[in-house]
Amino acid sequence: MTTHLAPDTVSRQSDWDQAISFEGFLDVAEQNCDLWTNAYRRATVPADLVERAEASPGTWQLLVLSADWCGDASNSIPPLAAFAREASNVDLRVLDRDEHLELMDEHLTNGRARSIPVVIVLDGRGVERGWWGPRPADLQAWFEGAEAQAMEKDARYRELRKWYARDKGRATVAEVLAIIEQAGGADAVA
């Protein structure tokens, strides 16, 4: 499962305050910088997802744990950054995973792996409301399944890249938006 709901008791405001904008992340990226930049430039967000986000009460912060070397992140985070750019009530910032291992260790994939990206959804008060990562649910299920695990590593990662190219970030954005919508009840804060 790639979406995880958290009790709304954990403030992540200090983590948010340390994070940098996506554009700032692009400025300091050392690996795959062209890949990240081009993915962001090409990213488009379906209008229906932006409309749904803006219909969710409150404001939302997407706190991303990532690294510039991560292929999954370079396919998932640019569309989310475009989503945050388009939706007036969503903002996105990035933290380097290796510089924030304590936070990373609270968001392990299957309770054991420091897989990235991780997107921590915060409400307008900076309270964690859920998290997503490291891949869209359908892709993660395939990746963890027998077929993918039987493949040579290079072939498996070629298939991952093909999936991302076909999806264009829609699944990632939709799954993170579902967390926002679920958390956006009466207690959402502007």
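Points to keep in mind about this one:
Per-residue answers, yes or no, for (1) under 27 Å from residue 15 (Cα atoms); (2) modelled with pLDDT under 95; (3) not β-branched (Val, Ile, Thr):
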| site | (1), (2), (3) |
| --- | --- |
| 89 | yes, no, yes |
| 118 | yes, no, no |
| 124 | yes, yes, yes |
| 138 | no, yes, yes |
| 143 | no, yes, yes |
| 151 | no, yes, yes |
| 165 | no, yes, yes |
| 183 | yes, yes, yes |
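- The listed residues are 110, 75, and the only one of them that is closer than 23 Å to residue 160 by Cα and touching a residue at least 60 places away in the same chain (Cβ under 8 Å) turns out to be 75.
- Residue satisfying condition, being free of Cβ contacts under 8 Å to residues at least 12 places away in the same chain and either assigned to a loop (DSSP other than H, G, I, E, B) or in contact with a helix residue (DSSP H, G or I) (Cβ under 9 Å, 6 or more places away or on another chain) (or both), within set 174, 148: 148
The values are calculated or read from the model by the stated rules, or taken from the named source; none is laboratory data. These numbers were taken from a predicted model, which means no experiment stands behind them. Virtual Cβ from ideal backbone geometry, glycine too; neighbours counted across all protein chains shown.
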